[in-house]
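Student: Input: one structure, supplied below.
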Amino acid sequence: MSSEPRQGAASIRAARANNPKMRERDLAQMLDITEAELVASFVGHGVRRIEPRFDDLFPGLQSVGTVMALTRNESAVHEKIGPFEKFVNGKRAALMLGEQIDTRMFPANWVHGFAVEKADGNDIRRSLQFFDAHGDAVMKIHTRAETDLDAWNALVDKLALEDQTPDVLPEVTRADPFRRKSPSEGAETVLRDRWQAMTDPHQFHGLLKDLDLDRVSAFELAGDAWAWPLDRGAIPALLRLAASEKIPIMCFVGNRGCIQIHSGPVETVMDRGPWINVMDPTFHLHLRTDHIYEVWAVRKPADIGHVTSIEAYDSDGQQIIQFFGVRGEGNRERTDWRGLAENMPKLDRAVRLGAAE
C-alpha cells in the first residue's frame, strides 16, 4: 500500500495469470497490495463477496462436515482438519470448541469475506476467506473431499452480499506497526506482586492491559522465577522432543482476528529450508524458524500449581507461536511436559540483552 495509485482489478488478475503457481500472500506482496484486494479482484471470476455474520457462518459450517481451517500470521501457518462442532458466540470474542477445530475469534476484526472457487486441473478448490480492515487474512476455511458441498453452497448463498459488482476493490487501511512498550516507574514491583497472585493464566492479559505492557517487556521484568529466555533453537527442539517422547501439546497461532489451537500429540516433524513443519493427518504446522528472534519459557499460576509455556517472538516483539502441555482444568501440569519445557537450552539474560542492543 504505497503512495502510488493502486492497481486495478484487471491488472491484478493479469499478474495472477502470469504467476499461476505463486502463493496468494507472496503475489500480493510482490504487487504491493493486500491479500484481500487480490481476492476481491476476482469477484465475478469465481469469487463472491460474503458477509462474515457469525450467527449464520458458524452454525452453517457445523452442517458441512469435514473442512480444513487455516489461521496464520506472518511467520506461522496453523491448519486443522475436521468438523466445526460447538459454537459459542459473543460480541467481543467467540469460541469454536471441538476435538479438532478449536478457535478464539474476535468479530470486530472480521471485516471482508469472500467465497472462492478456483480451478485446479479438473477439480475446483473451494474456500471461504476472511480478512480484517487492513486486508490481512484472519481465517480461511477450505473444503475437503468429505465436505458436504450442498450444505456448503447453501451457506455461501445465505452469506452472499447483494452487491457483486466486479472490479471493485475493498477499502483497506494500513495497520499500525507493533511496538514494544516501555515500563512505567514502579511497574516491576506491581507486576511481580500481581503475577504471583494470579489464580488463572487467563488473568495475564488483564495484568498486561492494566500495566500497559507488551508480553516480552513483562517477561523481562518478571524475574527468573516466572520467565527466562531460551536459545532460538528451542522451538524445533520442542517439536522433535514432543514427537519422539509422545508428549501431547497445545499449539497456539494467532492474528488480530483469530487464535487457532491444536491439542494433542505431534508425530511427523520435517524441515524444509527455513520452515519446520508438522504434517499429521489432522494437524499441519508451517513455522519460519528464521523469523524467530527470541524464545521465552514462562510460568503462570493456575488453579492447581502453575503452567509452563514456551513462546516465540519476532524482532518487533510480536508473538509468533505459543506452546503449553495438554492439561485438563483441575489437573496438575503434566510432568513430562514440564520436564521438557524446563530443560530447554537457556540463554543467559546478559548475553540476550547485549545481542539486542
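The values are calculated or read from the model by the stated rules, or taken from the named source; none is laboratory data. Being a predicted model, the structure only gives us computed values, none of them experimental. Here Cβ is always computed from backbone atoms with ideal geometry, including for glycine, and neighbour counts include all displayed protein chains. Side chains are part of the model used for accessible areas, which takes the heavy atoms of the whole protein and leaves out ligands, DNA and RNA. Shrake-Rupley method; radii C 1.70, N 1.55, O 1.52, S 1.80 Å.
Student: Report the extension gain between Ala108 and Thr335 in nm, rounded to one decimal, defined as 0.36 nm multiplied by the number of residues separating them, less their alpha carbon distance.
Tutor: 77.8 nm
Student: With only Lys, Arg, Asp and Glu charged, each at its Cβ (+1 for the first two, -1 for the last two), find how big the charge dipole of the chain is about the Cα centre; round to the nearest 20 debye.
Tutor: Dipole of the chain, to the nearest 20 debye: 240 debye.
Student: Still on this model: Give the shape of region 250-357 as rounded, prolate or oblate, defined through the alpha-carbon gyration tensor: a ≥ b ≥ c are the square roots of its eigenvalues, a/c under 1.5 means rounded, and otherwise the shape is prolate if a/b is larger than b/c and oblate if not.
Tutor: Verdict is oblate for region 250-357.
Student: Moving to a separate point now. Show me the trypsin sites (Lys or Arg not before Pro) within region 183-286 that DSSP assigns to loop and that have at most 12 other Cβ atoms within 10 Å of their Cβ.
Tutor: Lys246
Student: OK, next. Kindly provide the helix-only [θ] at 222 nm of the chain, computed as the sum of -39,500 (n - 2.57) over DSSP H runs of four or more divided by all residues, to the nearest 500 deg cm²/dmol?
Tutor: Here the helix-only value at 222 nm equals -8000 deg cm²/dmol.
Student: Indicate the gyration tensor shape class of the chain (rounded, prolate or oblate), computed on the Cα atoms with a ≥ b ≥ c the square roots of the eigenvalues: a/c under 1.5 is rounded; otherwise a/b larger than b/c is prolate and the rest oblate.
Tutor: The shape class here is prolate.
Student: Could I ask something else about it? For Phe42, what accessible area in Å² do you get when you roll a 1.4 Å probe over the heavy atoms of the protein chains, rounding to the nearest 10?
Tutor: We get 50 Å² for Phe42.
Student: GNM on the chain, C-alpha springs below 10 Å: top fluctuator among Asn277, Asn109, Asn19?
Tutor: Asn19
Student: Relative contact order for region 6-165: what is it in percent, counting Cα pairs under 8 Å that are at least 6 residues apart?
Tutor: 26
Student: Sorted by accessible area (1.4 Å probe), largest first, how do Phe87, Phe204 line up?
Tutor: Phe87, Phe204
Student: Further question: For the pair Asn19/Asn343, report the inter-label distance in nm, with labels modelled 7 Å from Cα in the Cβ direction.
Tutor: 4.6
Student: Would you please classify the overall shape of region 183-319 from the alpha carbon gyration tensor, given that a ≥ b ≥ c denote the square roots of the eigenvalues, rounded means a/c under 1.5, and beyond that prolate means a/b larger than b/c while oblate covers the rest?
Tutor: prolate
Student: Alpha carbon centre of region 307-326 versus region 156-188: separation in Å?
Tutor: Centre-to-centre distance over Cα atoms comes out at 23 Å.
Student: Which of these, Leu159, Leu149, Leu128, has the largest mean-square fluctuation under a Gaussian network model of the chain (Cα springs below 10 Å)?
Tutor: Highest fluctuation among the options: Leu149.
Student: If the cut-off is a Cα-Cα distance under 17 Å, which lysines reach Lys181, setting aside same-chain residues fewer than 8 apart in sequence?
Tutor: Hits, sequence-local ones excluded: Lys209.
Student: Ignoring ligands, DNA and RNA, please state the percent of accessible area on region 191-307 from carbon and sulfur, probe 1.4 Å.
Tutor: The C+S portion of the solvent-accessible surface of region 191-307 is 53 percent.
Student: Any chance you could look up the accessible area of Met250 with a 1.4 Å probe, heavy atoms only, rounded to 10 Å²?
Tutor: We get 40 Å² for Met250.
Student: Let me ask another. Hey, any idea what the orientation-averaged projected area of the convex hull of region 29-157's Cα atoms comes to, in nm²?
Tutor: The orientation-averaged projected area of the Cα hull of region 29-157 comes to 8.2 nm².
Student: Can you tell me the relative contact order of the chain? Whole percent, Cα pairs under 8 Å, sequence separation 6 or more.
Tutor: 17
Student: While we're here: Using alpha carbons only, how many angstrom separate the centre of region 23-40 from the centre of region 241-306?
Tutor: What the calculation gives is 27 Å, centre to centre.
Student: Under 24 Å Cα to Cα from Lys86, which lysines show up? Leave out anything in the same chain fewer than 8 places away.
Tutor: Here the lysines satisfying the reach criterion relative to Lys86 are Lys140, Lys158.
Student: Take the Cβ-Cβ distance between Asp271 and Ala93 as r, set R0 to 51 Å, and report the resulting FRET efficiency rounded to the nearest 0.05.
Tutor: After rounding, the FRET efficiency stands at 0.90.
Student: Related question: If you average the sequence gap of Cα pairs under 8 Å that are 6 or more apart and divide by the length of region 263-357, what percent do you get for the contact order?
Tutor: Over region 263-357, the number comes to 16 percent.
Student: Mind giving me the nanometre distance, one decimal, between the label points for Ala151 and Ser11, set 7 Å out from Cα along Cα→Cβ?
Tutor: Rounded to a tenth, the inter-label distance reads 4.4 nm.
Student: Which residue, Gly65, Gly305, Gly135, tops the fluctuation ranking in a GNM of the chain built on C-alpha contacts under 10 Å?
Tutor: Gly305
Student: Could I ask something else about it? Give me the accessible area per residue for the chain, probe 1.4 Å, as a whole number in Å².
Tutor: Computed with neighbouring chains in place, this is 49 Å² per residue.
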